[in-house]
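Visitor: This is the structure I have questions about; it appears just below.
The values are calculated or read from the model by the stated rules, or taken from the named source; none is laboratory data. Computed from a predicted model, the values in this text were never measured in an experiment. Using ideal geometry, Cβ is built from the backbone for each residue, glycine included, and neighbour counts are taken over all protein chains shown.
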Protein chains: 2
Amino acid sequence: MGIAERKLRQKEEMRTAILEAAWQLVLADGWQSLSIRKIAEAIEYSVPVIYHHFENKDAILLEFTRQGFQQLTQEVEEACQKESDVASQLEAMAQAYWNFAFNHQEYYQLMFGLGIPTCETVNRVAEMKSFSHMVVEVLRRAIARSSHPEVDPWLKFHTYWSILHGLVSIQMISKQAIVDPRNQPVLQDAVSGFVKLLQS
Amino acid sequence: MGIAERKLRQKEEMRTAILEAAWQLVLADGWQSLSIRKIAEAIEYSVPVIYHHFENKDAILLEFTRQGFQQLTQEVEEACQKESDVASQLEAMAQAYWNFAFNHQEYYQLMFGLGIPTCETVNRVAEMKSFSHMVVEVLRRAIARSSHPEVDPWLKFHTYWSILHGLVSIQMISKQAIVDPRNQPVLQDAVSGFVKLLQS
DNA sequence: ATACTCCGTTAACACTGTTATAAAATATAA
DNA sequence: TTATATTTTATAACAGTGTTAACGGAGTAT
């Protein structure tokens with residue numbers, strides 16, 4: 001009875017065909033414009049067949065999210081194994097993480113739910129510049145008082161902001177719960193570390 | 001001729017009515033489910049009137065983004081002014097930033113294009129746990145070799161990951177450009193600072 | 001009173017995810 | 001081989017979405 005086997009094989013082929021077509025569409029036009037109908041047209045089948053292989057559109061996206069995390073883990077791990085001492089490992093891993101994010105932007109944006117307001121959108125928001133400016137001034141004073149007054153305050157601002165934004169978004173993703181602001185050891189850990197280093 | 005003034009006033013009132021209705025809808029059901037038709041129904045006008053006040057849906061969202069950055073700047077600045085020395089200022093500002101993000105999650109998510117995969121979605125991705133586990137193991141070794149072996153590796157992981165994610169997403173938002181991985185002073189700055197502190 | 005400019009409407013276009021229903025193709029049993 | 005049962009595929013619809021063209025009516029200006 002090779003019939004059942006053939007059917008299973010065909011089912012698997014169809015599944016990967018859907019994923020491959022979807023991926024091509026994403027590479028061409030981004031996540032925002034991906035649609036079930038476009039996938040159906042690409043694989044030259046009608047729309048409902050897709051629903052025989054995936055419960056809904058989110059299931060397709062979830063599949064890619066999984067693939068993304070697999071690949072991220074693999075690349076970071078490889079970078080780690082190329083180094084011997086722990087400090088170099090952590091730095092190499094950070095670099096690998098960064099490389100993954102920008103070499104596979106589509107993956108990264110999906111994995112972390114980044115709608116990505118385009119560069120134009122951001123530049124239109126003058127209010128963002130006020131914010132940057134305000135924080136930079138504080139950092140400038142801190143740097144002036146430190147033992148390394150040549151440090152670039154904009155570099156430090158970028159770092160400071162990134163730490164804050166990273167803390168917030170990772171927290172938002174991992175826990176929906178409302179958090180007591182007075183109980184944030186991670187925030188304390190990261191910020192006090194940053195400040196200590198700034199003043200050293 | 002008070003007529004022209006009255007018309008201008010009415011136009012302004014309509015504009016704020018649209019924004020207020022939109023805001024209520026967002027508070028009730030989130031950004032994802034906000035639609036022009038729902039706004040129209042809420043203000044008891046037909047759909048096209050909205051297009052007389054805003055070019056399109058994005059223009060409405062942009063308005064809220066602006067408001068968000070204004071409010072964020074204000075709250076962070078107030079927190080800054082309550083402190084005297086720079087270190088306390090930077091820490092208070094970080095706390096204010098954090099508070100803003102979680103007290104006005106809708107604003108924050110819009111401002112940074114966070115689609116926010118829900119907690120359930122994230123938990124379904126087992127691959128995320130592999131990643132976490134892998135990194136935690138490296139941190140555990142680093143902590144064991146440091147002079148503070150009692151430090152929680154999961155706390156440090158959370159910090160490490162947040163720094164990386166923050167760097168990446170801020171970079172993705174502010175510059176569309178493809179970046180040369182060998183030229184990332186901010187990444188160097190943040191990660192080497194983290195590692196130094198970890199080993200101290 | 002006539003012409004004209006707004007303001008607001010209805011109705012449509014071109015999409016989206018999802019699904020009920022019907023038909024065609026295939027597999028099984030007689 | 002024929003007839004029945006099963007699975008696979010397609011058509012067409014539902015309920016939404018953003019956006020806009022076309023039309024009506026009220027208020028203003030000449």
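This table checks each residue for (1) in contact with a Cys (Cβ under 8 Å, 6 or more places away or on another chain); (2) within 15 Å of DNA strand C (Cβ to nearest atom); (3) more than 14 Å from every other protein chain (Cβ to nearest Cβ).
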{"residue": "A:Arg6", "(1), (2), (3)": "no, yes, yes"}
{"residue": "A:Ala21", "(1), (2), (3)": "no, yes, yes"}
{"residue": "A:Gly30", "(1), (2), (3)": "no, yes, no"}
{"residue": "A:Leu34", "(1), (2), (3)": "no, yes, no"}
{"residue": "A:His53", "(1), (2), (3)": "no, yes, yes"}
{"residue": "A:Phe64", "(1), (2), (3)": "no, yes, no"}
{"residue": "A:Gln70", "(1), (2), (3)": "no, no, no"}
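Visitor: Further, regarding this structure: Taking into account only those residues within the range A:151-173 that are of a type in the set (Gly, Ala, Ser) and out of contact with any strand residue (DSSP E or B) (no Cβ under 9 Å at 6 or more places or on another chain), which is nearest to B:Gln105 (Cα to Cα)?
Guide: Ranking the qualifying residues of the range A:151-173, first place goes to A:Gly166.
Visitor: Give the residue, chosen from A:Val26, A:Val47, that is surrounded by 10 or more Cβ atoms within 10 Å (Cβ to Cβ) and touching a residue at least 60 places away in the same chain (Cβ under 8 Å).
Guide: Exactly one residue qualifies, and that residue is A:Val26.
Visitor: Every residue in the range B:22-69 that is of a type in the set (A, V, I, L, M) and away from DNA strand D (no atom under 13 Å from the Cβ), please.
Guide: B:Leu27, B:Ile43
Visitor: Take A:Asp180 and decide whether it is surrounded by fewer than 17 Cβ atoms within 10 Å (Cβ to Cβ), of a type outside the set (Val, Ile, Thr) and either modelled with pLDDT of 90 or more or not assigned by TED's automatic domain parsing to the domain that holds A:Leu110 (or both).
Guide: Working: surrounded by fewer than 17 Cβ atoms within 10 Å (Cβ to Cβ): yes; of a type outside the set (Val, Ile, Thr): yes; either modelled with pLDDT of 90 or more or not assigned by TED's automatic domain parsing to the domain that holds A:Leu110 (or both): no.
No: the conditions fail for A:Asp180.
Visitor: Condition test on A:Phe102, is it at the interface with chain B (Cβ under 9 Å from one of its Cβ atoms), touching a residue at least 24 places away in the same chain (Cβ under 8 Å), under 29 Å from A:Ser174 (Cα atoms) and under 13 Å from the mean Cα position of the chain (by Cα)?
Guide: Numbers: at the interface with chain B (Cβ under 9 Å from one of its Cβ atoms): yes; touching a residue at least 24 places away in the same chain (Cβ under 8 Å): no; under 29 Å from A:Ser174 (Cα atoms): yes; under 13 Å from the mean Cα position of the chain (by Cα): yes.
No.
Visitor: Also: Would you be able to say whether some residue in the range A:3-21 is in contact with a helix residue (DSSP H, G or I) (Cβ under 6 Å, 6 or more places away or on another chain), at pLDDT below 90 and either in the same structural domain as A:His165 (by TED's automatic domain parsing) or within 16 Å of DNA strand D (Cβ to nearest atom) (or both)?
Guide: Looking for residues that are in contact with a helix residue (DSSP H, G or I) (Cβ under 6 Å, 6 or more places away or on another chain), at pLDDT below 90 and either in the same structural domain as A:His165 (by TED's automatic domain parsing) or within 16 Å of DNA strand D (Cβ to nearest atom) (or both), one finds none in the range A:3-21, hence no.
Conditions (1) under 30 Å from A:Ile143 (Cα atoms); (2) not small (Gly, Ala, Ser), marked per residue:
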{"residue": "B:Ser46", "(1), (2)": "no, no"}
{"residue": "B:Glu75", "(1), (2)": "yes, yes"}
{"residue": "B:Ala96", "(1), (2)": "yes, no"}
{"residue": "B:Phe102", "(1), (2)": "yes, yes"}
{"residue": "B:Tyr107", "(1), (2)": "no, yes"}
{"residue": "B:Gly115", "(1), (2)": "no, no"}
{"residue": "B:Glu127", "(1), (2)": "no, yes"}
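Visitor: Identify the single condition in (1) under 30 Å from B:Lys196 (Cβ atoms); (2) hydrophobic (A, V, I, L, M, F, W, C); (3) facing another protein chain (nearest Cβ under 8 Å) that A:Ala79 does not satisfy, given that it satisfies every other one.
Guide: Of (1) under 30 Å from B:Lys196 (Cβ atoms); (2) hydrophobic (A, V, I, L, M, F, W, C); (3) facing another protein chain (nearest Cβ under 8 Å), only one is false for A:Ala79: (3).
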